[in-house]
1. I'm trying to understand the selection: among the residues of the range 23-71, which are of a type outside the set (D, E, K, R) and over 19 Å from the mean Cα position of the chain (by Cα)?
2. Show the residue pairs that are 6+ apart or on different chains and have beta-carbon atoms under 6 Å apart, the first residue being within the range 62-85 and assigned to a loop (DSSP other than H, G, I, E, B), the second being open to solvent by less than 60 Å² (accessible area, probe 1.4 Å).
3. Just to be sure I understand the filter: pairs with C-beta atoms under 9 Å, separated by 6 or more residues or on different chains, first member in the range 125-139 and outside any helix (DSSP H, G or I), second member open to solvent by less than 50 Å² (accessible area, probe 1.4 Å). Which pairs pass?
4. Would you please list the contacts, defined by Cβ atoms under 7 Å and residues six or more apart or on different chains, that run from a residue in the range 37-48 that is open to solvent by 40 Å² or more (accessible area, probe 1.4 Å) to a residue that is in a helix (DSSP H, G or I)?
5. Just for the range 66-86: of the residues that are among the hydrophobic types (A, V, I, L, M, F, W, C) and surrounded by 13 or more Cβ atoms within 10 Å (Cβ to Cβ), which one is nearest to M152 (Cα to Cα)?
6. Tell me which of these V26 doesn't satisfy, since it passes every other one: (1) touching an Asp or Glu at 6+ places or on another chain (Cβ under 9 Å); (2) without any contact (Cβ under 8 Å) to a residue 24 or more places away in the chain.
7. If M152 satisfies every condition in (1) open to solvent by 40 Å² or more (accessible area, probe 1.4 Å); (2) in a loop (DSSP other than H, G, I, E, B) but one, which is the exception?
Amino acid sequence: MDGVERSLPERLAADLDQGFAGLVQVHAPALRLYLLRLTGLPAEAEDLTQDTFLRAYVALQGYSAARRRALRPRPWLMSIATNVWRNDVRAKSRRPVSVGRVEDTQDAWPDERPGPDECALTAADRRVLIDALTVLPEQYRVVIVLRHVVGMSYAEIAEVQRCPVGTVKAQVSRGLCHLRDLLGAEGRLVKEMAG
């Protein structure tokens, strides 16, 4: 955690508007990426990111300065984003709409340089992995994306999911097993992620 991120709770406690601008600046890229991997659609991820920050701001207005000072922004925002996404999925299941193809999201990666988890992945491998992530059951998709895309610790994910760290570790492990099954011969991609 860098100095700017560490100072966010204090900045939020001192001046909500100024602190919130910093919160958005620091956490928007990770939130956008997280929601993109959950939805598979760039426009939808952007809408959900904005909705997440709107809900966060409204919630912060009701918090005392002491509560804002004690806030752990990253897990708190990821919890809100997860709930916003789940609510969106529920709402859409009640009123289905036409969606874009998941393959179209491969070009929407915010950083074209491969990260540590993707060094060996080619564009085709990424497409296969993105497709597999979108069909992974929700309980596994969320923890896999938080762990291997966003890069959160097991403790932070446990805070987001409101469950014990051991449960998160088990869900990540089971999620990786499901991904291996979905990918079949391409299971080597999952081994590289878990490695």
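1. Quick first cut of the range 23-71, residues of a type outside the set (D, E, K, R) only: 23-31, 33-36, 38-43, 45, 48-50, 52-54, 56-66, 70-71.
Within the range 23-71, V58, A59, L60, Q61, G62, Y63, S64, A65, A66, A70 meet the criteria.
2. Every condition considered, the pairs that remain are L71/P9.
3. Partner pairs satisfying both residue conditions: L136/I144; L136/G175; L136/L179; P137/G175.
4. P42/L36; P42/T105; P42/A108; E46/R32
5. Of all residues in the range 66-86, those among the hydrophobic types (A, V, I, L, M, F, W, C) come to 66, 70-71, 76-78, 80-81, 84-85.
Within this subset, residues satisfying the condition of being surrounded by 13 or more Cβ atoms within 10 Å (Cβ to Cβ) are 71, 76-78, 80-81, 84-85.
Values: L71: 17, W76: 12, L77: 12, M78: 10, I80: 15, A81: 14, V84: 19, W85: 18 Å.
Filtering the range 66-86 for residues that are among the hydrophobic types (A, V, I, L, M, F, W, C) and surrounded by 13 or more Cβ atoms within 10 Å (Cβ to Cβ), the one nearest to M152 (Cα to Cα) comes out as M78.
6. (2)
7. Status for M152: all satisfied but (1).
The values are calculated or read from the model by the stated rules, or taken from the named source; none is laboratory data. Given the structure is predicted, the values throughout are model-derived calculations rather than measurements. A quick note on method: Cβ atoms are made from the backbone with ideal geometry, for glycine too, and the neighbour counts reach across all protein chains shown. The protein model used for the area step is the full one, side chains on, heavy atoms only, and it has no ligands, DNA or RNA in it. Shrake-Rupley method; radii C 1.70, N 1.55, O 1.52, S 1.80 Å.
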